[in-house]
1. For B:Ala218, state whether it is facing chain A (nearest Cβ under 9 Å) and modelled with pLDDT under 85.
2. For B:Leu43, which of the numbered conditions (1) assigned to a loop (DSSP other than H, G, I, E, B); (2) over 21 Å from the mean Cα position of the chain (by Cα); (3) not small (Gly, Ala, Ser) fails to hold?
3. So which residues in the stretch A:228-245 are within 17 Å of A:Ile205 (Cβ to Cβ) and either assigned to a helix (DSSP H, G or I) or facing another protein chain (nearest Cβ under 7 Å) (or both), if there are any at all?
4. Mind checking which residues of the stretch A:251-279 are away from chain B (no Cβ under 14 Å) and either among the acidic types (Asp, Glu) or part of a loop (DSSP other than H, G, I, E, B) (or both)?
5. Just name the residue that is surrounded by the fewest Cβ atoms within 10 Å (Cβ to Cβ) out of those in the stretch B:348-359 that are modelled with pLDDT of 85 or more and not hydrophobic (A, V, I, L, M, F, W, C).
6. Does the stretch B:107-114 contain at least one residue that is more than 21 Å from the chain's Cα centre (by Cα), of a type in the set (A, V, I, L, M, F, W, C) and within 14 Å of chain A (Cβ to nearest Cβ)?
7. Going by the structure shown, is A:Val58 farther than 18 Å from A:Arg147 by Cα, touching a Pro at 6+ places or on another chain (Cβ under 8 Å) and at pLDDT 90 or above?
There are 2 protein chains.
Amino acid sequence: MPHDIPHLLGILVATLVATKLLGELAQRIGQPAVLGELLAGVLLGASLLGILQPDDPVIHAFSEIGVLVLLFEIGLHTDLRSLLGVGSAAATVGLVGVVVPFALGTGAAHLMGLPAIPAIVCGAALTATSIGISARVLSDLGQLETREGQVVLGAAVLDDVVGLIILSVVSALASGVSVSAMGVGISTAAAVGFIVAALVIGGRIAPPLFRAAVHLEAEGSLGVLALAFAFFMAWLAAKADSASIIGAFAAGLVLHRTPQREAIESKVTTLGHFFVPIFFAAVGAAVDVRTLADPHVALVGGALIVVALVGKFVAGYAPWWFHGSKTLVGVAMIPRGEVGLIFAQMGLATGALDVSLFSAIAVMVMVTTFIPPPILSHLSRRRPAASPRLSGVAEEGIDDLVVGGE
Amino acid sequence: MPHDIPHLLGILVATLVATKLLGELAQRIGQPAVLGELLAGVLLGASLLGILQPDDPVIHAFSEIGVLVLLFEIGLHTDLRSLLGVGSAAATVGLVGVVVPFALGTGAAHLMGLPAIPAIVCGAALTATSIGISARVLSDLGQLETREGQVVLGAAVLDDVVGLIILSVVSALASGVSVSAMGVGISTAAAVGFIVAALVIGGRIAPPLFRAAVHLEAEGSLGVLALAFAFFMAWLAAKADSASIIGAFAAGLVLHRTPQREAIESKVTTLGHFFVPIFFAAVGAAVDVRTLADPHVALVGGALIVVALVGKFVAGYAPWWFHGSKTLVGVAMIPRGEVGLIFAQMGLATGALDVSLFSAIAVMVMVTTFIPPPILSHLSRRRPAASPRLSGVAEEGIDDLVVGGE
């Protein structure tokens, strides 16, 4: 037997139950579920209970599929056209919110003695606001359809896209390509080129394919073929020396425009409920809590947290012409999440980060996720709720994202 | 990196697309989708294209999860009480349909020179009618709610249960326990005891647990926790020296009685659409088509096919008091499927079967699945359709089973 299946089943039961229960607990105390899932992973991981080994081949495969399903879901929910409608304020917040944390984070990490590549990975992990967490918190507070809410969502989508492009550049650098303007240029061109090519070519090929798939008699074909399409694009992206998650995200963007989107979303979401928590738990399990007692690690982690808070908050004030609560926008941009963790995990996998730096980034992600909800709740109590709690978001949980007033 | 993820993605894309397309093709020519999925596996497998390696650790894990999800689904659809209502005719057809093929198959294999254990595995692989295939074919012909249809369904459920019990006995024998009346008795008692204990204890514990799970805020919790419950029962069954699929089946039987059954079914079915074809494809991929050219293998395979056809057909005539088409019942009992393949795969994994015997059994399963649909279609053209095509079965495809007039 190539793998001890009962042993694997035991690990899966522990992981699924722990992530669901701690995720639920987090939501009950007003925090997003992803925090509970991360903590479940930390608990089950090597440094505490030792049940979940993120480098076991099968767990690693489940977790990688989890992150691909997650990015596919984010892509499915992202409407590039409605993003354009949100306008220049969102673009400004998004871009400033990428550049400032990236520059400050890389600079701070470098000042504290880190070499160039790890410092760049640290900076990059600070760039992307979590669309999932921000959308869910704003919706819970009835602020999703305010102008501030729309700006935050537009900016979060933009910085996810930019973050993913940075990821594929950084991942090329981290796997040993030397840091040169030329190398960065080529990697950026490859990532942007891949997304553009995927949208243009995929946008022509996918709609007729999925129109045909609807006529398949076997129920379930549509969801499975959509997933196969996402895996295919992820495979293509990897072959094109870009990041496989870029491919999954691009697959989602392409299928967002097909009439079959809702049917596909519902199937992919169900698969995501199974696979995505395994990704977050595996990320949590890779955290070594013992390294956080090291003063140097604690110092780097503390500096990253400060930069993470300041960098996104100032981005809220960047569109000086915007009439609305810049404070609310700045605070709502703070939560990092999926993409920050993906950076950290990629850094660990390629050896660019050691486990202590990885743990410092994971803690930064958790702290930036803890802080905004109570502040946003306080800020929005002084304002009328512009929209009812979105049932779609509320029902579908934190893994399901709503973007641009869909 | 513990596993080459892009390589895995390529394999998954090939497997998912090939199983869906060949499954669809099979349905279009009036055959069940599972046949297409098996053939897709044979095509992708070691002896032809060499893309799908069923003993790769990750593929093996996916395929094992696939068979657990499938048995969990079958359990969820099985109503033990309505089975009792179908009465003595179904019980007689079911039991005769287990005993005759088992005795004839073991005897024939032994006569042809096989040692005791492989001969017993061959006989055991003939015992279980595929509920999925039989229910789907009868429903397509409008015969599912006739008295004949009900008898076939009741008998198929019964012989699945008996087949699973035989499986756990045979799997204990195959892993080296010596063949003694004592050993068989203990294994039978363990399997029956496990199912009874699971039903009694699980029947008390599960309903309050899943009533509580409904109140969880995070959507998707119910389906994931149900799956975790199935994995937990499978793990328990393995620890109790029974077969893990017995545990997954028992978990389904227990949850069948909860008010949350439909919600759970819908989630598990979606996961099944992804995982179950990987199981069938992996079974197909393990077939070495070259061994079928060996005259001895062809002879054993031919004998198994004859025994498989005759053994189930005579079972249809066993309830002499039954007023209805005994021919229709006998033919409808012929298709083997999931459980036969599970036997064959277990025999291969434990070393009780070599790859040529395994391939002979897989071919027997395919042939018994090919033959009945045209005959049943011919028989039922001479009879009025008693029921419209069941939309539930028709919509949900071959992996979704309807039992006892639910």
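The values are calculated or read from the model by the stated rules, or taken from the named source; none is laboratory data. Bear in mind that the values here come from a model prediction, so they are computed numbers and not experimental data. Because the Cβ atoms are built from the backbone with ideal geometry, glycine has one as well, and the counts that use them run over all protein chains shown.
1. Values: facing chain A (nearest Cβ under 9 Å): yes; modelled with pLDDT under 85: yes.
For B:Ala218, the condition - facing chain A (nearest Cβ under 9 Å) and modelled with pLDDT under 85 - is met.
2. So the condition that B:Leu43 fails would be (1).
3. A:Ala228, A:Phe229, A:Ala230, A:Phe231, A:Phe232, A:Met233, A:Ala234, A:Trp235, A:Leu236, A:Ala237
4. Here is the first cut: in the stretch A:251-279, the ones away from chain B (no Cβ under 14 Å) are A:252-262.
If the condition is that a residue be away from chain B (no Cβ under 14 Å) and either among the acidic types (Asp, Glu) or part of a loop (DSSP other than H, G, I, E, B) (or both), then A:Arg257, A:Thr258, A:Pro259, A:Gln260, A:Glu262 are the ones that fit.
5. So in the stretch B:348-359, the residues modelled with pLDDT of 85 or more come out as B:348, B:353-359.
Checking the rest, the ones that are also not hydrophobic (A, V, I, L, M, F, W, C) come to B:354, B:356, B:359.
Working: B:Asp354: 14, B:Ser356: 18, B:Ser359: 25.
Result: B:Asp354.
6. Step one: list which residues in the stretch B:107-114 are more than 21 Å from the chain's Cα centre (by Cα), which gives B:107-114.
Adding the requirement that they be of a type in the set (A, V, I, L, M, F, W, C) leaves B:108-109, B:111-112, B:114.
Retained after the next criterion (residues that are within 14 Å of chain A (Cβ to nearest Cβ)): none.
No, the stretch B:107-114 contains no residue that is more than 21 Å from the chain's Cα centre (by Cα), of a type in the set (A, V, I, L, M, F, W, C) and within 14 Å of chain A (Cβ to nearest Cβ).
7. Numbers: farther than 18 Å from A:Arg147 by Cα: yes; touching a Pro at 6+ places or on another chain (Cβ under 8 Å): yes; at pLDDT 90 or above: yes.
Criteria met by A:Val58.
Here's the yes/no breakdown for (1) within 30 Å of A:Val151 (Cβ to Cβ); (2) modelled with pLDDT of 85 or more; (3) assigned to a helix (DSSP H, G or I):
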position: A:Thr291; (1), (2), (3): no, no, yes
position: A:Gly301; (1), (2), (3): yes, yes, yes
position: A:Leu304; (1), (2), (3): yes, yes, yes
position: A:Lys312; (1), (2), (3): yes, yes, yes
position: A:Gly316; (1), (2), (3): yes, yes, yes
position: A:Ala344; (1), (2), (3): yes, yes, yes
position: A:Glu395; (1), (2), (3): yes, no, yes
